[in-house]
Amino acid sequence: MLIADHLKYEAPLKIVEYPDPILRAKNKRIDTFDENLKKLVDEMFDVMYK
């Protein structure tokens, strides 16, 4: 089980566009939606809607 407190990212986030290979990267499953993951999601929405 991966808990979201292990997430690491640098703000501000940058938009990655297709066909960047990073979009095909295999990721780990997150089973717990905690405060750190909520902060990341909020940051992602801020970037998407600017």
Residue that is farthest from LYS50 (Cα to Cα), among those in segment 1-24 that are of a type in the set (A, V, I, L, M, F, W, C) and either modelled with pLDDT under 85 or in a helix (DSSP H, G or I) (or both): MET1
Those residues of segment 25-44 which are of a type outside the set (D, E, K, R), at pLDDT 90 or above and not in a helix (DSSP H, G or I), in sequence order: ALA25
What pairs come up if the first residue lies in segment 11-29 and is without any contact (Cβ under 8 Å) to a residue 60 or more places away in the chain, the second is surrounded by 10 or more Cβ atoms within 10 Å (Cβ to Cβ) and assigned to a loop (DSSP other than H, G, I, E, B), and their beta carbons are under 7 Å apart, counting only those six or more places apart or on different chains? LYS28/LEU2; ARG29/LEU2
Cross-chain or 6+ apart pairs with Cβ under 8 Å, segment 36-50 first and over 10 Å from LEU7 (Cβ atoms), then surrounded by fewer than 12 Cβ atoms within 10 Å (Cβ to Cβ) and small (Gly, Ala, Ser): GLU43/ALA11
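The values are calculated or read from the model by the stated rules, or taken from the named source; none is laboratory data. Since we're looking at a predicted model, the values are computed, not measured. Heads up, the Cβs are rebuilt from the backbone with ideal geometry, glycines too, and the neighbour counts pull from every protein chain shown.
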